[in-house]
Amino acid sequence: MGRIAEETIEQIVAATDIVDLISSYFPLKKAGTSFKANCPFHNEKTPSFNVSPQKQAYYCFGCGAGGGAINFVKEYENLPFLDAVKKLAQRAGIPIIEDVYDPEADKRRQMRSRLLELHGKAADFFLKLLLRSPEAAHARAYLKQRGLTAEIAKRWKLGWIPDTPGAFLAWAKSEGYSGRDLVNSGIAALKVEDNPRAGIYLRFRDRLMFPVHNDYGDVVAFSGRVLQSGLPTGKYLNSPETVLFNKSKTMFALDRARRPMMKAKKALVCEGQLDVISCVEHGIDYAVAPLGTAFTEQHANLLKRYTSEVVLCFDSDPAGKKAVERAYRELVPVGLSVKVVSMPEGEDPDSLLQSEGVEAFQRRIDEASDFFDFKITNAKAEMDLSDPGQRSELSRQIADLIAPMTDPVAVDTLVQGLSAVLKVGTDSLRQFIAESRREQSRGRRNAYSSPDDDSPQRIIPVSLEPRCAALCKVALENQQAQQYLYEQIESFQDFLSFLPQLRLLFHILAKRPSPDSPSEIQAYLSAIPAEETAALQALLHQPMAAEPLATVREIQQKLGAESVRFQIDQLKAQLQDESSPEKVGELMSEISELQGLLREIEA
């Protein structure tokens, strides 16, 4: 594996302000000298996630997650350590030179870089064809019909791919891309699986091409909309999953919508790319869409980074209503509130913006129904609620939807209101909720026990003996205390026999990161085992001792006394097994001397 020099890591951390970094992912609120937010690593209603500008570190008092800039990027984006460092280096404009060459890692990086380049160039090529090719006249006519101008196409890098593959394949060859590159990108596929000699074919034919970007604006995939009616294919065709693209973890236009979501304090989730583009072009810039897949937990967690409320804007047909409910089931467990825009039958955001105008559509968003109001309204149209059996069935459906909610006050409010609407007793509704929670809990346990479960495992901090913890804390926080400990390191070596955890203190003193430099401290913490990092980060977010040096000397004295008692106990154990009068005398003499020393220490 490659290795980045410690000096470079320190430089990267020093160039990164952790408040600025974390606030680029989700909003922080000033709280005294620190900043707070709801923790992104566990569900909570009351903010316990603390970010300290002074320490250049974060810590959650709820779940114990903590660290510096590197650890935040590593955990938040689920990246390996080196990738997190490189991401911060790129953000800070600091070049990275790895000490050791890793051919496999280098090969992966080169492939990823090549595929990113291929996608970016392909998007430019498709845009050029859309704007200039005589064969793309029908694609341009379609855009005009949808109210999309050439300038909008340029802003979104919309493109067109021909029905015949020759033009694209000739372009790819001229750019130096091989058939393997095209297959790895997902734009092409092998005609015969596992047989490259059989040739390749293009997945996309005569489609309007929408580039799909990652969170940072790189093109990582394409979504192609069919232009010919009556074809036996879906309206949209998306790239398959590749090293760059995972559709369950990607949302269309999220790279544009991140900051607008934070400002608007909500996200508008639409069904299609054209709906999102139309919303953004009309100034509703917090709109996103999933990509050809049902809404997932990963999508919910993506949105939670930037907002606490999601407004769903799906079609009013049965499929759209089911999609609303599926999305709700993913959004609520991560702590997001859900509203639903009332959509006339046969309309979508794009058509409403064209017919009603942006102000009317914005009112629809502002007046979006609470999810349960939406559910009850639709149920009244589809069920006979005067029938006790159907009313009971709806009550169970409602209970099943309330069950994933984690806020007891919100649950109680819903139970009170919905029991009146459904004409069902609150006790009955609560019983239905409890039954549903038991069923869902069993389902989660089964899912968690699956061998394919790749959810991240929470790091358990090492348990530090209190005196060891106090010494490590002052060594990281106070320059004078650290210097004293360094000078007294030999005397502390004597305490290892009964307090082996002091090895962590010795490691700190061997590196001696400056307590006056948060970047040095965080660089040091990022390089030690994660369990130790977690323990030390927790210590750093506890109040500092009023007199650090006095604290060290007091602990040293107590450890000295304990060391003497430890030696006395060892000698007494030897004494019990000793039969030689001469040896017994020597042991008694040593014990007496040590007892005298202990009285002096404790005096």
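Computed values, structure above
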quantity: Extreme residue, most open to solvent (accessible area, probe 1.4 Å), among residues of the stretch 280-300 that are of a type in the set (Asp, Glu) and part of a helix (DSSP H, G or I); calculated: Glu297
quantity: Filter pass, Glu532 being open to solvent by 40 Å² or more (accessible area, probe 1.4 Å), charged (D, E, K, R) and over 31 Å from the mean Cα position of the chain (by Cα); calculated: no
quantity: Hits in the stretch 468-498 (condition: in contact (Cβ under 8 Å) with a residue 60 or more places away in the chain and within 22 Å of Asp569 (Cα to Cα)); calculated: Ser491, Phe492, Asp494, Phe495, Ser497, Phe498
quantity: Residue under evaluation Leu129, criteria (1) open to solvent by 80 Å² or more (accessible area, probe 1.4 Å); (2) more than 32 Å from the chain's Cα centre (by Cα); (3) touching a residue at least 24 places away in the same chain (Cβ under 8 Å), criterion not met; calculated: (1)
quantity: In the stretch 301-322, the residues that are open to solvent by less than 40 Å² (accessible area, probe 1.4 Å), modelled with pLDDT under 90 and farther than 25 Å from Ser23 by Cβ; calculated: Ser316, Gly320
quantity: Residue that is modelled with the lowest pLDDT, among those in the stretch 563-596 that are open to solvent by 90 Å² or more (accessible area, probe 1.4 Å) and more than 22 Å from Phe498 (Cβ to Cβ); calculated: Ser579
quantity: Residue satisfying all of: in the stretch 363-376; loosely packed, with under 14 Cβ neighbours inside 10 Å and of a type in the set (Asp, Glu); farthest from Cys279 (Cα to Cα) among these; calculated: Glu367
quantity: Test: residue in the stretch 377-384 that is over 20 Å from Lys266 (Cα atoms), in contact (Cβ under 8 Å) with a residue 24 or more places away in the chain, of a type in the set (D, E, K, R) and open to solvent by 80 Å² or more (accessible area, probe 1.4 Å); calculated: no
quantity: Within the stretch 497-519, considering residues that are out of contact with any helix residue (DSSP H, G or I) (no Cβ under 6 Å at 6 or more places or on another chain) and of a type in the set (Lys, Arg), the one surrounded by the fewest Cβ atoms within 10 Å (Cβ to Cβ); calculated: Arg503
quantity: Check on Leu208, surrounded by 16 or more Cβ atoms within 10 Å (Cβ to Cβ), of a type outside the set (S, T, N, Q) and out of contact with any Pro (no Cβ under 8 Å at 6 or more places or on another chain); calculated: yes
quantity: Failed criterion for Asn43 (all others in (1) in a loop (DSSP other than H, G, I, E, B); (2) in contact (Cβ under 8 Å) with a residue 12 or more places away in the chain; (3) open to solvent by 30 Å² or more (accessible area, probe 1.4 Å); (4) within 29 Å of Pro515 (Cβ to Cβ) hold); calculated: (4)
quantity: Helices (runs of 4 or more DSSP H) wholly inside the stretch 303-373 that include at least 2 residues being without any contact (Cβ under 8 Å) to a residue 40 or more places away in the chain and among the acidic types (Asp, Glu); calculated: 358-366
quantity: Where Asn78 falls short, out of the listed (1) touching a Lys or Arg at 6+ places or on another chain (Cβ under 8 Å); (2) in contact (Cβ under 8 Å) with a residue 12 or more places away in the chain; (3) open to solvent by 30 Å² or more (accessible area, probe 1.4 Å); calculated: (1)
quantity: Restricting the stretch 132-143 to residues that are among the hydrophobic types (A, V, I, L, M, F, W, C) and touching a residue at least 24 places away in the same chain (Cβ under 8 Å), the residue that is surrounded by the most Cβ atoms within 10 Å (Cβ to Cβ); calculated: Ala139
quantity: Residue list for the stretch 226-253, restricted to those being buried (at least 22 other Cβ atoms within 10 Å of the Cβ) and of a type outside the set (Phe, Trp, Tyr); calculated: Asn238, Ser239, Leu244, Thr250, Met251, Ala253
quantity: Tally, over the stretch 2-31, of residues that are open to solvent by 70 Å² or more (accessible area, probe 1.4 Å) and assigned to a helix (DSSP H, G or I); calculated: 4
quantity: Those residues of the stretch 49-63 which are open to solvent by 20 Å² or more (accessible area, probe 1.4 Å) and either in contact with an Asp or Glu (Cβ under 6 Å, 6 or more places away or on another chain) or farther than 19 Å from Ala15 by Cβ (or both), in sequence order; calculated: Asn50, Tyr59, Phe61, Gly62
quantity: Residue among Ser395, Ser428, Ser419 that alone is polar (S, T, N, Q), out of contact with any Asp or Glu (no Cβ under 7 Å at 6 or more places or on another chain), under 15 Å from Phe372 (Cα atoms) and in contact (Cβ under 8 Å) with a residue 12 or more places away in the chain; calculated: Ser395
quantity: Candidate set: the stretch 520-529, residues that are part of a helix (DSSP H, G or I) and at pLDDT below 85; chosen: the one surrounded by the most Cβ atoms within 10 Å (Cβ to Cβ); calculated: Ala523
quantity: Filter result for Ala475 (at pLDDT 90 or above and either within 21 Å of Gln54 (Cα to Cα) or of a type in the set (A, V, I, L, M, F, W, C) (or both)); calculated: yes
quantity: Matching residues, the stretch 326-346, being open to solvent by 50 Å² or more (accessible area, probe 1.4 Å), modelled with pLDDT of 90 or more and farther than 27 Å from Ala37 by Cβ; calculated: Arg326, Ser342
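Table: residues versus (1) exposed (fewer than 14 other Cβ atoms within 10 Å of the Cβ); (2) at pLDDT below 80; (3) over 29 Å from the mean Cα position of the chain (by Cα).
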site: Gln440; (1), (2), (3): no, yes, no
site: Asp452; (1), (2), (3): yes, yes, no
site: Gln480; (1), (2), (3): yes, no, yes
site: Gln483; (1), (2), (3): no, no, yes
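This table checks each residue for (1) of a type in the set (A, V, I, L, M, F, W, C); (2) closer than 18 Å to Gln273 by Cβ; (3) open to solvent by 30 Å² or more (accessible area, probe 1.4 Å).
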position: Ser113; (1), (2), (3): no, no, yes
position: Gly120; (1), (2), (3): no, no, no
position: Gln145; (1), (2), (3): no, yes, yes
position: Trp156; (1), (2), (3): yes, yes, no
position: Thr164; (1), (2), (3): no, no, yes
position: Glu175; (1), (2), (3): no, no, yes
position: Ile200; (1), (2), (3): yes, no, yes
position: Arg203; (1), (2), (3): no, yes, yes
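For every residue, the table says whether it meets (1) charged (D, E, K, R); (2) more than 14 Å from Ala287 (Cα to Cα).
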{"site": "Ser308", "(1), (2)": "no, yes"}
{"site": "Phe314", "(1), (2)": "no, no"}
{"site": "Lys321", "(1), (2)": "yes, yes"}
{"site": "Tyr328", "(1), (2)": "no, yes"}
{"site": "Val332", "(1), (2)": "no, yes"}
{"site": "Gly335", "(1), (2)": "no, yes"}
{"site": "Glu345", "(1), (2)": "yes, yes"}
{"site": "Asp350", "(1), (2)": "yes, no"}
{"site": "Leu353", "(1), (2)": "no, no"}
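The values are calculated or read from the model by the stated rules, or taken from the named source; none is laboratory data. Every value quoted in this text rests on a predicted model; they were computed, and no experiment measured them. Ideal geometry is used to build each Cβ from the backbone, glycine not excepted, and the neighbour counts take in all protein chains shown. Accessible surface areas use protein heavy atoms only, side chains included; no ligands, DNA or RNA. Shrake-Rupley method; radii C 1.70, N 1.55, O 1.52, S 1.80 Å.
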